[in-house]
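Okay, handing you the structure first.
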Amino acid sequence: MSSKYFKDIPADLPEAEQAARHKRQHHAEWGIAVAALGGTIPSAAILTELQRYIDGELTIEELAGLGHPPRPETKAFEAVVQRERLSRAA
């Protein structure tokens, strides 16, 4: 799955890691969409941090901390965190 915002997930990763990255990428893209609906397009810095989350360099808790105090440009972070928490509850 190619992404408009994020680099491709390496095909040589173990299947479980690829699946985990796809899940995180889906959450990140959802967060971008939610932020865009609210009128906020994520900056390059926000996209960089979301890529770190996708790559497993940041946990969801660390990503949540980047969005506090809430600012318009961190709406994508908030949406990703909410999506992750909802997926855990499902």
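Using Cα-Cα distances under 8 Å and only pairs 6 or more residues apart, what relative contact order does the chain have, in percent?
Relative contact order for the chain comes out at 32 percent.
Here's something else I'd like to know. Run the helix sum for the chain: -39,500 (n - 2.57) per DSSP H stretch of 4+ residues, divided by residue count, reported at 222 nm to the nearest 500 deg cm²/dmol.
One gets -20000 deg cm²/dmol as the mean residue ellipticity at 222 nm.
Another one. With Cβ to Cβ distances under 9 Å as the rule, what net charge do the other residues near ARG24 carry (K, R +1; D, E -1)?
On the way: positive: ARG21, LYS23; negative: ASP55, GLU84.
Computed value for this residue: 0.
Sticking with this structure for a sec: Can you work out ³J(HN,Hα) from phi for every residue in region 70-78, in order, using Karplus 6.51 cos²θ - 1.76 cosθ + 1.60 and θ = phi - 60°, giving whole Hz and x for Gly and Pro?
Rounded to whole hertz, the list is x, 9, x, 6, 9, 4, 4, 4, 4.
I've got another one for you. I want the local charge near GLU49. Using Cβ-Cβ distances under 10 Å, sum +1 for each Lys or Arg and -1 for each Asp or Glu among the other residues.
Every neighbour counted, the sum reads -1.
How many angstrom separate the Cα center of region 1-22 from the Cα center of region 45-63?
Between the Cα centres of region 1-22 and region 45-63 lies a distance of 14 Å.
With 15 Å as the cut-off, how large is the P(r) tail for the chain, expressed as percent of Cα-Cα pairs?
Of the Cα pairs, 55 percent sit more than 15 Å apart.
If you filter the chain for GluC sites (Glu not before Pro), then keep DSSP loop positions with at most 15 other Cβ within 10 Å, what is left? Working shown, then result.
On the way: sites: GLU15, GLU17, GLU29, GLU49, GLU57, GLU61, GLU62, GLU73, GLU78, GLU84; in loops: GLU57.
Those that pass, being in a loop and sparsely packed, are GLU57.
Working with all protein chains in place, sort LYS75, LYS7 by solvent-accessible area computed with a 1.4 Å probe, largest first.
These residues rank, largest area first, as LYS7, LYS75.
In Å², what does the accessible area per residue of the chain work out to with a 1.4 Å probe?
About 59 Å² of surface per residue is accessible.
Around LEU66, under 13 Å between beta carbons, what's the net of Lys plus Arg minus Asp minus Glu among the other residues? Kindly include the intermediate steps, with their values, before the conclusion.
Working: positive: ARG52, ARG71, LYS75; negative: GLU49, GLU57, GLU61, GLU62, GLU73, GLU78.
Residues close to LEU66 contribute a combined charge of -3.
Would you mind telling me the share, in percent, of accessible area of the chain contributed by carbon and sulfur at probe 1.4 angstrom?
Result for the chain: 57 percent of the exposed heavy-atom area is carbon or sulfur.
The values are calculated or read from the model by the stated rules, or taken from the named source; none is laboratory data. Everything quoted here is computed from the prediction, not taken from an experiment. Note: ideal-geometry Cβ built from the backbone for every residue, glycine included; neighbour counts use all protein chains shown. Only protein heavy atoms, including side chains, enter the accessible area calculation; ligands, DNA and RNA are left aside. Shrake-Rupley method; radii C 1.70, N 1.55, O 1.52, S 1.80 Å.
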